[in-house]
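A.B. asks: Before we start, here is the structure in question, set down as structure tokens.
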Amino acid sequence: MHEITFAKNIISQIKNKTQVQEIELEVGELAGVTADELKYAIENLTGWKVIAREMPSNIECDCGYIGRANIKERQHDIVIFNCPKCGSMPKKIVGQDIKLKRVVYH
């Protein structure tokens, strides 16, 4: 139930919670929770409509590879990944963030 921690953190950042109708999130595929898990948790905690989109990762590796990460395993709240070309840890990583994109009020 680690997604509850992520959900509560997002909910705490929103003002006028009683007036919220809908929120929109972007969840990086390398974040510690999936978009579906986060959507479900927030909806159950609040009753809000949640649009949660998974955003693909983008890595840059010393071997020259640029593209999506190779996800090896998802654990409790971490994602284990590497470069799909050489297997090493990439130097530049995009796709670990969770972004609150929009809040719609009544």
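A.B. asks: Which of the residues belonging to region 11-34 are in a loop (DSSP other than H, G, I, E, B), out of contact with any Leu (no Cβ under 9 Å at 6 or more places or on another chain) and either among the polar types (S, T, N, Q) or over 21 Å from I93 (Cα atoms) (or both)? Lay out the reasoning, then the answer.
C.D. replies: Just the residues of region 11-34 that are in a loop (DSSP other than H, G, I, E, B), to begin with: 13-16, 29-34.
After this cut, where a residue has to be out of contact with any Leu (no Cβ under 9 Å at 6 or more places or on another chain) as well, the list is 15-16, 29-30, 32-34.
Matches in region 11-34: K15, N16, T34.
A.B. asks: Let me ask you something else. Condition first: closer than 22 Å to I4 by Cβ and polar (S, T, N, Q). Can you find one or more residues in region 62-70 that meet it?
C.D. replies: No, there is no match, as no residue in region 62-70 is closer than 22 Å to I4 by Cβ and polar (S, T, N, Q).
A.B. asks: Another question about this same structure. Show the residue pairs meeting these rules: Cβ distance below 6 Å; 6+ apart or different chains; first residue within region 86-102 and under 30 Å from I23 (Cβ atoms); second residue small (G, A, S) and part of a strand (DSSP E or B).
C.D. replies: As it stands, the answer is G95/G28; Q96/G28; D97/G28, since those pairs meet every condition given.
A.B. asks: Then there is this: State which residue is farthest from the chain's Cα centre (by Cα) when the search covers only region 1-44 and only residues that are under 16 Å from K99 (Cβ atoms) and hydroxyl-bearing (S, T, Y).
C.D. replies: Residue satisfying both the conditions and the ranking: S12.
A.B. asks: If a residue must be over 22 Å from T5 (Cα atoms), outside any loop (DSSP other than H, G, I, E, B) and of a type in the set (K, R), how many such residues does region 79-106 contain?
C.D. replies: Qualifying residue count, region 79-106: 1.
A.B. asks: Picking from I10, I23, I14, which residue would you name as being in contact with a strand residue (DSSP E or B) (Cβ under 9 Å, 6 or more places away or on another chain), more than 30 Å from C86 (Cβ to Cβ), touching a residue at least 40 places away in the same chain (Cβ under 8 Å) and surrounded by fewer than 17 Cβ atoms within 10 Å (Cβ to Cβ)?
C.D. replies: From the options I10, I23, I14, the qualifying one is I14.
A.B. asks: Given the conditions (1) over 20 Å from I4 (Cα atoms); (2) touching a residue at least 60 places away in the same chain (Cβ under 8 Å); (3) surrounded by fewer than 12 Cβ atoms within 10 Å (Cβ to Cβ), and given that H76 satisfies all but one, which numbered condition is not satisfied?
C.D. replies: Answer for H76: the failing condition is (1).
A.B. asks: Follow-up question, since we're still on this one. Output the qualifying pairs, or none if there are none: Cβ atoms under 6 angstrom, residues six or more apart or on different chains, first residue in region 49-71 and at pLDDT below 95, second residue acidic (D, E) and outside any loop (DSSP other than H, G, I, E, B).
C.D. replies: Listed by first residue and then by second, the contacts come to nothing, as the list is empty.
A.B. asks: Continuing with the same structure: Can we say E37 is buried (at least 18 other Cβ atoms within 10 Å of the Cβ), part of a helix (DSSP H, G or I) and of a type in the set (D, E, K, R)?
C.D. replies: yes
A.B. asks: Now, a different point. Tally the residues that are assigned to a loop (DSSP other than H, G, I, E, B) and either in contact with a Cys (Cβ under 6 Å, 6 or more places away or on another chain) or surrounded by 16 or more Cβ atoms within 10 Å (Cβ to Cβ) (or both), restricting the search to region 44-67.
C.D. replies: Within region 44-67, residues that are assigned to a loop (DSSP other than H, G, I, E, B) and either in contact with a Cys (Cβ under 6 Å, 6 or more places away or on another chain) or surrounded by 16 or more Cβ atoms within 10 Å (Cβ to Cβ) (or both) number 5.
The values are calculated or read from the model by the stated rules, or taken from the named source; none is laboratory data. None of the values given here were measured: they were computed from a predicted structure. Cβ atoms come from the backbone with ideal geometry, glycine included; neighbour counts cover every protein chain shown.
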